[in-house]
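Asker: Handing you this structure, nothing more for now.
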């Protein structure tokens, strides 16, 4: 009886096993991957992995630029936008906005306050509120001119229900026509993410006010009127090779009058001319009528930031063309010279001796030492023959005077199609230094194109992947788009960048920052509110690539083929000649665990231990958040029992892994 039962069970298993041989049971079979660390295929550029900053999603004002007062100089289209007069009924002449455009083009407006009819005040709402930290010092400043003495000014930080959580009093006394600057500091007694700032005028008198400003004292490097330290620190932790700035589409502007002009962003803050941010009106579904550029974060600060975190500066300049999606306005060729001169002057500003005109201006701003600029971009996502003819003029002028400056040229808005083909062919024929490719595509596109650069020409123009991101299901919005699916597909594509480092010499994800209450575009790498910030899964992918860059690409193959999707695996391998280590980056985008035998070919031998940084989630929709900022973040696992020429690993489903093992 028992013998018959056993036979039936064995017969059942013989039928069942083949049915599952292609799924779970097959997934547990080992796959062999060969690595040859002796043969160095190509060098990796020290600045290969970088970051791209654009003032979108309130990335600068309301974001990394730490100013807490919105519309501090009353230059918005609606001069009192962001401000509320505290009294229900405003008496005639109590507060007047004065425009002195002929006298001061950069900063024409100010307010005149007259308290002859009694005390009143104004309140600023900040950028979707004002983030206040308990125990922190806040530094207030204003430009003023007293017409008639007698006013005492009360400064208050208020909660949404008007509880005072910080206050100070000051009495301006110096009369006269000249404008003066007044500063004062006070400490907050409570933490409040949605505070507001109140200025109350007591007594009888008349005063002119401008550049009303409030900064936290904990800025990056404690610089007055500086940058938000937590946001800069997240960039510094990535160790990016370069920072591309200031955009992006804001370089082009809606029209040429709205373009970014670097010379208007340096010097005293009060002399930097505010400009409407082009993202102010771009998205009908996400209106942002209060989105402007104060340029407190200007070109000097960008160069300084790059220097602070050890990155190369990569400025992008307007090429005489506005956004072709908006107006397609171009400057005529016979009037292009000032645009070209701006590029030449920027190089002198960054690199010139202090005896040169623009080198002296840099020194006057506090940086006599050159910034050592090595590259710049001409145009952003411009295309067509009109771009090529303007680019030719820029290139000739810059290369004649500064032949060592590398120029980055646009390949348009998409990685394929007639527009791309025209530019890519023309630029390669002209031997462009670097061609800037941009793509925002679904995860499937990234996975299918991970071998995109395997067949690119190895000589001639190099590629800069200046903007890319995986865009998830359209049903997702905001921070939900910054999910693990986006990051995992990006990581898979990036192994293709790294494997082809002789072609793809630079790459940067986009966009960088997004304010949780003021975003317009998603996904994004880092999300912020008024007090805190967190890195998305994409942030951790970018950081792992950048901090495990290595120096030389080596071969990693299975069945003598590059790993570009076979069995759901994508991989690249490098060595770090400085630390004498092997670094493998490998994704498993399948739903099954993969058991891998890694075999070393050649003379190099491995030490007995190393580690793996593992990023994984069983749910592709998983995101990080303010409540759980490290939900998807690297977990370091020590690797032991590594043989000199072999080691085995089980890669989790939907995982990205960075394996680092020293050579013996």
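The values are calculated or read from the model by the stated rules, or taken from the named source; none is laboratory data. Just so it is clear, the model here is predicted, and its values are computed rather than measured. FYI the Cβ positions are ideal-geometry reconstructions off the backbone, even for glycines, and counts take in every protein chain you see.
Asker: Would you check if residue 253 is surrounded by 22 or more Cβ atoms within 10 Å (Cβ to Cβ) and closer than 30 Å to residue 44 by Cβ? Walk me through it before giving the result.
Answerer: Details: surrounded by 22 or more Cβ atoms within 10 Å (Cβ to Cβ): yes; closer than 30 Å to residue 44 by Cβ: no.
In short, no.
Asker: Does at least one position in region 177-196 carry a residue that is in the same structural domain as residue 117 (by TED's automatic domain parsing), more than 29 Å from residue 535 (Cβ to Cβ), out of contact with any helix residue (DSSP H, G or I) (no Cβ under 8 Å at 6 or more places or on another chain) and surrounded by 22 or more Cβ atoms within 10 Å (Cβ to Cβ)?
Answerer: Checking region 177-196: not a single residue is in the same structural domain as residue 117 (by TED's automatic domain parsing), more than 29 Å from residue 535 (Cβ to Cβ), out of contact with any helix residue (DSSP H, G or I) (no Cβ under 8 Å at 6 or more places or on another chain) and surrounded by 22 or more Cβ atoms within 10 Å (Cβ to Cβ).
Asker: Answer yes or no: is there a residue in region 147-165 that is more than 42 Å from the chain's Cα centre (by Cα), assigned to a loop (DSSP other than H, G, I, E, B) and either surrounded by fewer than 19 Cβ atoms within 10 Å (Cβ to Cβ) or not assigned by TED's automatic domain parsing to the domain that holds residue 89 (or both).
Answerer: Here is the first cut: in region 147-165, the ones more than 42 Å from the chain's Cα centre (by Cα) are 147-152.
Those left that are additionally assigned to a loop (DSSP other than H, G, I, E, B): 149-150.
From what's left, either surrounded by fewer than 19 Cβ atoms within 10 Å (Cβ to Cβ) or not assigned by TED's automatic domain parsing to the domain that holds residue 89 (or both): 149-150.
Yes, region 147-165 contains a residue that is more than 42 Å from the chain's Cα centre (by Cα), assigned to a loop (DSSP other than H, G, I, E, B) and either surrounded by fewer than 19 Cβ atoms within 10 Å (Cβ to Cβ) or not assigned by TED's automatic domain parsing to the domain that holds residue 89 (or both).
Asker: Okay, next question. Buried (at least 16 other Cβ atoms within 10 Å of the Cβ) and closer than 22 Å to residue 508 by Cα: does that describe residue 372?
Answerer: It is false that residue 372 is buried (at least 16 other Cβ atoms within 10 Å of the Cβ) and closer than 22 Å to residue 508 by Cα.
Asker: Answer yes or no as to whether residue 527 is in contact (Cβ under 8 Å) with a residue 24 or more places away in the chain, in contact with a helix residue (DSSP H, G or I) (Cβ under 7 Å, 6 or more places away or on another chain) and part of a loop (DSSP other than H, G, I, E, B).
Answerer: It is false that residue 527 is in contact (Cβ under 8 Å) with a residue 24 or more places away in the chain, in contact with a helix residue (DSSP H, G or I) (Cβ under 7 Å, 6 or more places away or on another chain) and part of a loop (DSSP other than H, G, I, E, B).
Asker: To continue, here is another question. Run down 92, 75 and say which single residue is farther than 30 Å from residue 305 by Cα and either touching a residue at least 60 places away in the same chain (Cβ under 8 Å) or surrounded by fewer than 23 Cβ atoms within 10 Å (Cβ to Cβ) (or both).
Answerer: 92
Asker: More than 22 Å from residue 240 (Cβ to Cβ), modelled with pLDDT of 95 or more, in a loop (DSSP other than H, G, I, E, B) and touching a helix residue (DSSP H, G or I) at 6+ places or on another chain (Cβ under 6 Å): is that true of residue 450 in this structure?
Answerer: On the way: more than 22 Å from residue 240 (Cβ to Cβ): yes; modelled with pLDDT of 95 or more: yes; in a loop (DSSP other than H, G, I, E, B): yes; touching a helix residue (DSSP H, G or I) at 6+ places or on another chain (Cβ under 6 Å): yes.
Yes, satisfied.
Asker: Sort through 238, 254 and tell me the only one that's within 19 Å of the chain's Cα centre (by Cα) and farther than 30 Å from residue 182 by Cβ.
Answerer: Working: 254 fails: within 19 Å of the chain's Cα centre (by Cα).
None of the others qualify; the one that does is 238.
Conditions tested, residue by residue: (1) outside the structural domain of residue 507 (by TED's automatic domain parsing); (2) assigned to a loop (DSSP other than H, G, I, E, B); (3) surrounded by fewer than 17 Cβ atoms within 10 Å (Cβ to Cβ).
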{"position": "287", "(1), (2), (3)": "no, yes, yes"}
{"position": "290", "(1), (2), (3)": "no, yes, no"}
{"position": "307", "(1), (2), (3)": "no, no, yes"}
{"position": "315", "(1), (2), (3)": "no, no, no"}
{"position": "325", "(1), (2), (3)": "no, yes, yes"}
{"position": "340", "(1), (2), (3)": "no, no, no"}
{"position": "345", "(1), (2), (3)": "no, no, no"}
{"position": "360", "(1), (2), (3)": "no, no, yes"}
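Asker: So how many residues does region 453-477 have that are under 17 Å from residue 511 (Cα atoms) and either at pLDDT 95 or above or touching a helix residue (DSSP H, G or I) at 6+ places or on another chain (Cβ under 6 Å) (or both)?
Answerer: Count: 8.
Asker: In the same structural domain as residue 381 (by TED's automatic domain parsing) and crowded, with 21+ Cβ neighbours inside 10 Å, is that true of residue 449?
Answerer: no
Asker: Follow-up question, since we're still on this one. Here are 370, 338: which of them is in contact with a helix residue (DSSP H, G or I) (Cβ under 8 Å, 6 or more places away or on another chain) and closer than 27 Å to residue 296 by Cβ?
Answerer: Being in contact with a helix residue (DSSP H, G or I) (Cβ under 8 Å, 6 or more places away or on another chain) and closer than 27 Å to residue 296 by Cβ holds for just one of 370, 338, which is 370.
Asker: All but one of (1) under 36 Å from the mean Cα position of the chain (by Cα); (2) closer than 27 Å to residue 76 by Cβ; (3) touching a residue at least 24 places away in the same chain (Cβ under 8 Å); (4) not in a strand (DSSP E or B) hold for residue 212; state the number of the condition that does not hold.
Answerer: (4)
Asker: Could you name every one of the strands (runs of 3 or more DSSP E) located completely within region 551-664 that has at least 3 residues being buried (at least 16 other Cβ atoms within 10 Å of the Cβ)?
Answerer: Passing ranges, in order: 552-558, 569-576, 581-588, 594-601, 610-616, 646-651, 655-662.
Asker: Of all residues being surrounded by 14 or more Cβ atoms within 10 Å (Cβ to Cβ) and more than 19 Å from residue 580 (Cβ to Cβ) in region 26-41, which is modelled with the lowest pLDDT? Just the residue, please.
Answerer: 27
Asker: Something else: If the requirement is being in contact with a helix residue (DSSP H, G or I) (Cβ under 9 Å, 6 or more places away or on another chain) and part of a loop (DSSP other than H, G, I, E, B), which of these qualifies: 225, 233?
Answerer: On the way: 233 fails: part of a loop (DSSP other than H, G, I, E, B).
The unique qualifying residue is 225.
Asker: To continue, here is another question. Restricting attention to region 453-492, and to residues there that are in a helix (DSSP H, G or I) and free of Cβ contacts under 8 Å to residues at least 60 places away in the same chain, which single residue is farthest from residue 586 (Cα to Cα)?
Answerer: 478
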